[in-house]
Amino acid sequence: MVGKNNTKSRIDTQKPKRRLRKRIKFILLPLVLAFFAVTFYGAYLYIKADSALSGAFEDGGRDKSDLRDDYVDPKFDNVSILIMGVDENEGRKGREIARTDALILATLNKDEKSIKLLSIPRDSYVYIPEVGYEDKINHAHAFGGTYAAIETVERLLDIPVDYYVKLNFHAFVDVIDAIGGIEADVPYEVKESDSGDHRDSIHLFPGKQVLDGEEALAFARTRKKDSDVERGKRQLELIDSVINKSTSVTSVFKYDDIIEAVGNNLSTNMTFTEMKSFISYATHGSKLNVEKLSLEGYDYQPENIYYWQLDDDALQETIKMLKGHLELPGYVDSDNESTEFESADPLINN
């Protein structure tokens, strides 16, 4: 009798243990599968990004900016990136040389994990070294391509341009579509052409709304009811929205489409290895500090041609701020007191 009770007791104690092991297996199996799924997806994205973005690389023979004494490495150094949105589509190819419809200088501070985005109005009246005279800054690319635009920005701001990213209309549209659109507050009714130059094919009404790629492009390009400066501010807001949404957890499984969109419509002097150095900024997500800046000025119309004449005092303050962010000579210290510097460009000092 005692033996039977002991046997029954052992059986009773074994059953909960078996049930517990089954429960553990039931819980662990999905976790293991999820781990391998994420690992394989990450490896797939890495390979795809390597292929797509390596194809976007352009070696223009410019190892570093002439305003740098040494080479920079984005893994360790503060760097600058010139973002160029060119007014190029299939219909315009062969008919005209692309101008920069958007020109934004980004400075990145590695320790602070902060980014400053400076919008340069496309009608800014500046000296263009490629042709040796002053004209609208967006003409620099038409005069001499990528490096003519870079040289013009460096001459204007006396700040090294370490890297550039050049995108056409399709990249902008496809990236925003890939992340499911972005939210924007449209201040007034907008009628604009789409990326294929179909007149007034995009119609937006005032108010907060989610814009798809074509709508966002129209909103970024329009300036019929305000100014080029306001348009630049809208472009910065849209870029900020793209950064925030692209770095959110919900966009992880959209990276495949993002890579596809960017890889087909982008050119850059960054290698894939250098691009990976910026992952530390992306992982900061909502904690990433992004400040948007613009260049002050006033309308200037000699011979009935419209230009944006930059305010020299405001320009020099902006230069000091960006130099401080990059920690270049002439930096702004922690107490926000500017040290004086002498620009290499006599046009800035006069």
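The values are calculated or read from the model by the stated rules, or taken from the named source; none is laboratory data. Just so we're clear, the structure is a prediction, and the values are computed from it rather than from any experiment. Cβ placement follows ideal geometry from the backbone for every residue including glycine, while neighbour counts extend to all protein chains displayed. Note: accessible area is taken over every heavy atom of the protein model, side chains too, but ligands, DNA and RNA are not part of it. Shrake-Rupley method; radii C 1.70, N 1.55, O 1.52, S 1.80 Å.
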With θ set to phi - 60°, apply the Karplus curve 6.51 cos²θ - 1.76 cosθ + 1.60 along the range 191-202 and write out the HN-Hα couplings as whole Hz, x wherever there is a Gly or Pro. 10, 9, 6, 8, 5, x, 6, 7, 4, 6, 7, 10
Equivalent ellipsoid dimensions for the range 92-150 as semi-axes, Å, which come from the Cα gyration tensor, largest first: 26, 14, 10
Give me, ordered by chain and number, the residues 5 or more places off residue 300 or on other chains with an amide H under 5 Å from its own placed amide H. 307, 309
Amide H proximity to residue 101 below 5 Å, modelled H, separation 5+ or other chain, gives 85, 86, 87
Within the range 121-155, what residues put their amide N at less than 19 Å from the label point 7 Å along the Cα-to-Cβ vector of residue 301? 122-126, 135-137
Run the numbers on the range 116-171 and let me know its relative contact order in percent, using alpha-carbon pairs under 8 Å that are six or more apart. 25
Under a point-charge model restricted to the Cβ atoms of Lys and Arg (+1) and Asp and Glu (-1), what is the dipole moment magnitude of the range 83-188 relative to its Cα centre, in debye to the nearest 20? 140
HN-Hα couplings for the range 115-130 via Karplus (6.51, -1.76, 1.60; θ = phi - 60°), in whole Hz with x for Gly/Pro, come out as 10, 10, 10, 9, 8, 9, x, 5, 9, 4, 8, 9, 7, 10, x, 4
Taking 27 Å as the cut-off for C-alpha to C-alpha distance, list the pairs among 208/245; 110/320; 136/166; 136/287; 116/208 that go past it. 136/287
Taking all protein chains as present, what is the carbon and sulfur share of the accessible area of the range 156-244, in % to the nearest whole number, probe 1.4 Å? 48
Taking a point 7 angstrom from the Cα of residue 205 along the C-beta vector, which residues in the range 174-190 have backbone N less than 18 Å away? 184-190
Quick one: if the Förster radius is 35 Å, what FRET efficiency do residue 225 and residue 143 give, using the C-beta to C-beta distance and rounding to 0.05? 0.70
Label-point separation in nm, residue 112 to residue 131, each point 7 Å along Cα→Cβ: 3.6
What are the ³J(HN,Hα) couplings of the range 270-279, residue after residue, when phi is run through the Karplus curve with 6.51, -1.76, 1.60 and θ = phi - 60°? Round to Hz, x for glycine and proline. 8, 6, 4, 4, 5, 4, 4, 5, 8, 4
